[in-house]
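The structure appears right after this line, and notes come after that.
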Amino acid sequence: MIRVLLNDGLDKKAIANLAEKGFEAVNQHIADEDLGEALKDYDALVVRSATKVREDIIRKAKDGQRLKLIIRGGVGVDNIDVKTAIQLGIDVKNTPGASSAAVAELTLGHMFAVSRFIAASNVTMREGKWEKKKYKGIELSGKTLGLIGAGRIAKQVAIRVKALGMNVIYTDILGEKEDFKEYKYLPLNELLKEADFVSLHIPYDKTKGAVIGEEEISLMKDGAYLINCARGGVVDEEALLEALNTGKIAGAGIDVYKEEPSANLELIKHPNVSVTPHIGASTKEAQERIGAEVVSILEKYFK
Ligand code: 3PG
C-alpha cells in the first residue's frame, strides 16, 4: 500500500478520497527533528508552508529508499529544498492554480482595508473610539495598480481591479507577457514611479533577497500603498516600517512575513497597516481544490 504522510493536514474530502483509492494517508504532524526518520516509512509527503522540508530531512528520508514524491499543497515551494530532493531522485510537485482566486481576493481585501482605514478603525472602534474625522480615505477607482510578477495570481488581481476602474501596469522578470497584453508593461523602476498601489506576486528567491527595499521604496510615489500577499522575504520589512513611519508609504497590506509566525510587532501594530497571518490560500474553496489536485497528483504518480 502506498503510504502518504499529510504533515500539514489536507481537506477532509481529499483524505476520504485517498482512502477510497487505496492510499494509506496518515494525517499527522511530525516535528522537523523527527521527520526525516519517519519519512523512511512513507512513499510520499504532502505539506503546506508550515513544514520546512530541509536538506537534512530529505537526506535522512532518502536512507529509507522509500520516499519518492514531495507535494506542496499550494503554490510556493520555498519551504522545500527542491534542489536536494531532485538530486536524490525525489520528485517535487505543487498545485499552482488552485489558490489564485483566494489570494487575489485577499489582495483586494488589503487594498480596501488600507485605503479606507478599515483595518485601523476596526481596532480603534473596539477600543471605544469614534475617529470619523481621522479616516478620510482614497478611492481605488481611477488609481494605478502596479503588479510585480505577472503569473496566475497577478492575472486574477488584474481582472478584479479592472472592474473597480483601476488602471493596471505590470512588470515581470521575463519581460512582456502575452497573457497580460491588455495591460502596460514597465520595467520595475518605472512601474514604481507610476503606481499608486504596488502589489507583489512573485516567489521568494533567497539568492536575490528582497525585491522591494529602501532604494525601490524611494522610487515610489509619496503616499503610495504596498501590498504583499506573496512571500515575506520579497519586501525588506525594516525599509517598509521606516517608509510607513515617514509617510512615504501611506499604508501596507501584509499577509506574509520574513519570519512566520512574525514577531515584528512594530510593523504588525503600525496603524497604517492591515495584517493577516498568511491566509492567502486559506479559503474553503481553495483548500478543496488543493486537496483534489493533491489526490490527482498522487493517483497519476503511483498508478
Ligand atoms: C502558497 O504558497 O500556496 C501560499 O502561500 C499558501 O501557503 P499555506 O498553504 O501555508 O497557506
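Note on region 85-103: among residues that are touching a helix residue (DSSP H, G or I) at 6+ places or on another chain (Cβ under 8 Å) and over 17 Å from residue 44 (Cβ atoms), the one that is nearest to the ligand (Cβ to nearest atom) is 99. Among residues of region 44-77 being assigned to a strand (DSSP E or B) and out of contact with any Gly (no Cβ under 6 Å at 6 or more places or on another chain), the one that is farthest from residue 298 (Cα to Cα) is 53. Residues in region 157-177 that are buried (at least 19 other Cβ atoms within 10 Å of the Cβ) and touching a residue at least 40 places away in the same chain (Cβ under 8 Å): 157, 161.
In region 112-127, the count of residues that are open to solvent by less than 30 Å² (accessible area, probe 1.4 Å) and part of a loop (DSSP other than H, G, I, E, B) is zero.
Going through 91, 81, 34 one at a time, which residue ends up being of a type outside the set (A, V, I, L, M) and farther than 25 Å from residue 292 by Cα?
One residue alone meets the criteria, 34.
In the set 251, 291, which member is assigned to a helix (DSSP H, G or I) and either open to solvent by less than 20 Å² (accessible area, probe 1.4 Å) or modelled with pLDDT under 95 (or both)?
Result of the check over 251, 291: 291.
If only one of 237, 260, 242, 285 is within 21 Å of residue 211 (Cβ to Cβ), surrounded by fewer than 24 Cβ atoms within 10 Å (Cβ to Cβ) and within 16 Å of the ligand (Cβ to nearest atom), which one is it? After ruling out the rest, the residue left standing is 260. Residue by residue through region 78-104, note down the ones that are touching a residue at least 60 places away in the same chain (Cβ under 8 Å) and touching a Gly at 6+ places or on another chain (Cβ under 9 Å). Result: 78, 95, 98, 99, 102, 103. Being open to solvent by 10 Å² or more (accessible area, probe 1.4 Å), closer than 19 Å to residue 1 by Cα and away from the ligand (no atom under 16 Å from the Cβ) holds for only one residue in 66, 59, 54, and it is 66. Figure legend. Inter-residue proximity from region 266-285: first residues free of Cβ contacts under 8 Å to residues at least 24 places away in the same chain, second residues within 16 Å of the ligand (Cβ to nearest atom) and of a type in the set (Lys, Arg), beta-carbon distance below 8 Å, spacing 6+ or different chains. No pairs are indicated. Scanning region 16-37 for residues that are touching a residue at least 24 places away in the same chain (Cβ under 8 Å), open to solvent by less than 40 Å² (accessible area, probe 1.4 Å) and out of contact with any Lys or Arg (no Cβ under 9 Å at 6 or more places or on another chain) returns 18, 30.
The values are calculated or read from the model by the stated rules, or taken from the named source; none is laboratory data. All values reported here derive from a predicted model rather than from experimental measurement. Cβ sites come from the backbone with ideal geometry, for glycine too, and all protein chains shown count toward neighbours. Keep in mind that these areas ignore ligands, DNA and RNA; they rest on the heavy atoms of the full protein, side chains included. Shrake-Rupley method; radii C 1.70, N 1.55, O 1.52, S 1.80 Å.
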